[in-house]
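In what follows, a single structure is set out as structure tokens and then discussed.
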Amino acid sequence: MILPVQADTQQYDIVLEAGVLPRAGEYFDLHRRVLVVTDDGVPASYAALVAAACDVPTCLTLPQGEKTKCFASLERLLSAMLAAGLTRKDCVVAVGGGVVGDLSGFAASCYMRGIDFYNIPTTLLAQVDSSVGGKTAIDFGGVKNSVGAFYPPRGVLIDPSTLQTLSPRQRSAGLAEAIKMAATSDAALFSVLETCEDLTAALPEIIHRALCIKRDIVQQDPKETGLRRVLNFGHTVGHAIESEAGGRLLHGECVALGMLPMSAPAVRERLRAVLARYDLPTKIEASPAALLPYLLHDKKMGRDTVTAVCVDEIGSFRFAERTPAEILHDLEQLV
């Protein structure tokens, strides 16, 4: 299945097919110098398959985890590109989860003012969300994604077979992003997530429906000036939880928790049930006061307020301007 995406400056395709990873060379232009970036939590065979399709590959394996999304890693990628002799006609391919994709895309956007970037997401979170839409970033000053750029990929290749090597915790964290999209935009998908008896069998449908939601949104609002903010449901509080947790929680787990204070009571009840079904956390352990400094530094914060995404009924949403004090009040009501 091929889903075309019309980005702000170009069109690219999302290829969604089980077993497609060994055929990356059929969909990506790899007949040039290529930096293949992965991390040590991803099976090495995945990057090796991509490298085998490249004319002149250079492979770089980074440490797994959110701490890798930093300036030191960015410098390491840029240094590797220079050492490998990459020119403006060459490219970068990310093979891994959201950390690898965000970092590699940002490095590609900086190197020689921008070279081609391809993304092969191997985690569920990256497959349903972060690999599509062109957001690239690193963390800085303790604030998640505070330095980055909008830089669409030249192509995205999604092979659900790679999820077989994913840990149950990582798979659940990825489902949180699909739950997020279903809660705001697809009541039928939410019902699938509530009732499916065989998650493995349902994953291709879940991935496809989540991708369609994200594609439609980013095509209408490529640089997040309006509608695309709906994809931040759960992220305003979620990013604060993630920063305060310092690596104890995965991104998807934090998004799961961040949805709760932004939901109406009836929605919150259904959310908690579906989160528990997939072993996602349902209680925010950090105190509201501990989260406040991170809320104040949220990159979406305006002069006094942040545009929060609220869900009053599954499958729909509304935007609301909220002050940090109002968000703190919502958090205190959950205790």
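Exactly one residue out of Leu249, Leu257, Leu280 is of a type in the set (A, V, I, L, M, F, W, C), part of a loop (DSSP other than H, G, I, E, B) and open to solvent by less than 20 Å² (accessible area, probe 1.4 Å): that is Leu280. Whenever a residue of the stretch 155-184 is touching a residue at least 24 places away in the same chain (Cβ under 8 Å) and under 25 Å from Ala108 (Cβ atoms), its partners that are among the aromatic types (Phe, Trp, Tyr) and open to solvent by 40 Å² or more (accessible area, probe 1.4 Å), lying with C-beta atoms within less than 8 angstrom and at least six residues away or across chains, give the pairs Gly155/Tyr27; Leu157/Tyr27. For the stretch 269-289, a residue qualifies if it is modelled with pLDDT under 90 and aliphatic (A, V, I, L, M), and the qualifying residues are Ala286, Ala289. The criterion of at least 2 residues that are under 17 Å from Cys91 (Cβ atoms) and open to solvent by less than 30 Å² (accessible area, probe 1.4 Å) is met by the following strands (runs of 3 or more DSSP E) wholly inside the stretch 109-160: 116-121, 155-158.
On inspection, Arg215 passes the criterion of being over 29 Å from Thr323 (Cβ atoms), in a helix (DSSP H, G or I), open to solvent by 10 Å² or more (accessible area, probe 1.4 Å) and not small (Gly, Ala, Ser). Filtered by the rule that a residue be among the hydrophobic types (A, V, I, L, M, F, W, C), over 21 Å from the mean Cα position of the chain (by Cα) and open to solvent by 10 Å² or more (accessible area, probe 1.4 Å), the stretch 73-108 gives Leu78, Ala80, Leu82, Ala83, Ala84. All of (1) among the basic types (Lys, Arg); (2) at pLDDT below 95; (3) farther than 28 Å from Leu163 by Cβ hold for Arg88 with one exception: (2). Every residue in the stretch 188-202 that is assigned to a helix (DSSP H, G or I) and surrounded by fewer than 13 Cβ atoms within 10 Å (Cβ to Cβ), please. Within the stretch 188-202, Ala188, Thr195, Thr200, Ala201 meet the criteria.
Residues in the stretch 277-294 that are farther than 21 Å from Arg171 by Cβ and in contact (Cβ under 8 Å) with a residue 60 or more places away in the chain: Tyr294 alone. For the stretch 161-179, the set of residues classified as aliphatic (A, V, I, L, M), open to solvent by 10 Å² or more (accessible area, probe 1.4 Å) and part of a helix (DSSP H, G or I) consists of Leu163 only. Across the stretch 46-100, the number of residues qualifying as free of Cβ contacts under 8 Å to residues at least 60 places away in the same chain, within 27 Å of Ser172 (Cα to Cα) and either part of a helix (DSSP H, G or I) or among the basic types (Lys, Arg) (or both) comes to 4.
The values are calculated or read from the model by the stated rules, or taken from the named source; none is laboratory data. Source: prediction; values computed, not measured. Don't worry about glycine lacking a Cβ; one is built from the backbone with ideal geometry, like all the others, and counts go over all protein chains shown. In case anyone asks, the SASA skips ligands and DNA or RNA and just uses the protein heavy atoms, side chains included. Shrake-Rupley method; radii C 1.70, N 1.55, O 1.52, S 1.80 Å.
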